[in-house]
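Asker: Mind looking over this structure? Questions follow.
The values are calculated or read from the model by the stated rules, or taken from the named source; none is laboratory data. Predicted model, so just to flag it, every value in this text is computed and none were measured. Virtual Cβ from ideal backbone geometry, glycine too; neighbours counted across all protein chains shown.
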Amino acid sequence: MKFEERVQIYAHKLNETDDQIVDYILSHRQEIVNMSIQKLSKNLYTVPNTIVRLAKKLGYKGFSELKTALVLEDRLKTFDITKISDHIFKTYDMIDMDTIDMAARKIYESKRTLFYGVGDSAYFCEMMAKNLRCVGKQAEFFTQRHEMIYSAEHIQPKDLIFVISVSGETKQVLDAVTIAKQKEVFIVSLTHLNENSLAALSNLRLYCWAPKQFINKYEITDRTSLMIVLRKLSEHYWNGYR
């Protein structure tokens, strides 16, 4: 629900001070998302608690969630479905089933499959570990640098590392992969289709189409293509190797 719609729905709960805050937010929408609650309250000659109460009257958990919602609304204003479709079509076009099959086979032959990823890639690591565990495959995921480093230092020869990074240049991941590479374990990577350090370190490279996108300095890279490749790999593994 948009901010303006919330204001309309909950108008009966708002007092004169609330109305002034709402008007200020609407007039300074772009600045608000980068403004602290202390700065906003100072500009409005009020106190932070008043702003928090307004946010809760509008159905948000607090001021931080209100700001996050404003950012998401701005993203949706510039959302272009043709770009999303283009990313999906390009990803499907570049999927090589021979490579998918090799990745599935290497996972099957490994003793353990360890997934590395940070930030927005962390969810996909957890998802893939669950996709393998549900058919009895030993799988773990690591999303913090110190965890990945420790894992790489204690890696076993029959383990496999599967790294997910759109850019292929995430330092936390590269540090761990470099250690694992020295131990000669098999490394699979999934990145955006470009030349990158992670792909260069990998024994097997999977690609998707996910060029970086930004709005007002916020990264809004579409990661739908990651899901497509990982789902294709999961289904191939379930159907042919479990």
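Asker: If we scan region 134-144, do we find a residue that is of a type outside the set (A, V, I, L, M, F, W, C), assigned by TED's automatic domain parsing to the domain that holds Met94, within 16 Å of the chain's Cα centre (by Cα) and over 20 Å from Thr99 (Cα atoms)?
Answerer: Looking through region 134-144, at least one residue is of a type outside the set (A, V, I, L, M, F, W, C), assigned by TED's automatic domain parsing to the domain that holds Met94, within 16 Å of the chain's Cα centre (by Cα) and over 20 Å from Thr99 (Cα atoms).
Asker: Could you grab me the full set of residues in region 1-16 that are among the β-branched types (Val, Ile, Thr) and in contact with a helix residue (DSSP H, G or I) (Cβ under 6 Å, 6 or more places away or on another chain)?
Answerer: Scanning region 1-16 gives a single hit, Val7.
Asker: Looking at this structure, is Lys106 modelled with pLDDT under 95 and either more than 24 Å from Tyr218 (Cα to Cα) or in a helix (DSSP H, G or I) (or both)?
Answerer: Here the answer is no, as Lys106 does not meet what is asked.
Asker: Examine region 121-129 for a residue that is surrounded by 14 or more Cβ atoms within 10 Å (Cβ to Cβ) and either more than 19 Å from the chain's Cα centre (by Cα) or not in a helix (DSSP H, G or I) (or both), and state whether such a residue exists.
Answerer: no
Asker: List pairs: first in region 86-97 and under 9 Å from Trp209 (Cβ atoms), second charged (D, E, K, R), Cβ under 8 Å, 6+ apart or cross-chain?
Answerer: His87/Asp222
Asker: Further question on the same structure: Do the conditions hold for Ile155, that is, is it buried (at least 16 other Cβ atoms within 10 Å of the Cβ) and within 30 Å of Glu73 (Cβ to Cβ)?
Answerer: Answer is no for this residue.
Asker: Give me a count of the residues in region 29-76 that are farther than 19 Å from Tyr218 by Cα, touching a residue at least 24 places away in the same chain (Cβ under 8 Å), aliphatic (A, V, I, L, M) and assigned to a helix (DSSP H, G or I).
Answerer: Qualifying residue count for the region: 3.
Asker: Looking at region 99-123, I want the residues that are in the same structural domain as Phe186 (by TED's automatic domain parsing) and touching a residue at least 12 places away in the same chain (Cβ under 8 Å) and have a partner that is in a helix (DSSP H, G or I) and of a type in the set (D, E, K, R) with Cβ atoms under 8 Å, at least 6 apart or on another chain. Which pairs are those?
Answerer: That search, which allows pairs on different chains as well, returns Ile100/Lys232; Phe115/Glu126; Val118/Arg145.
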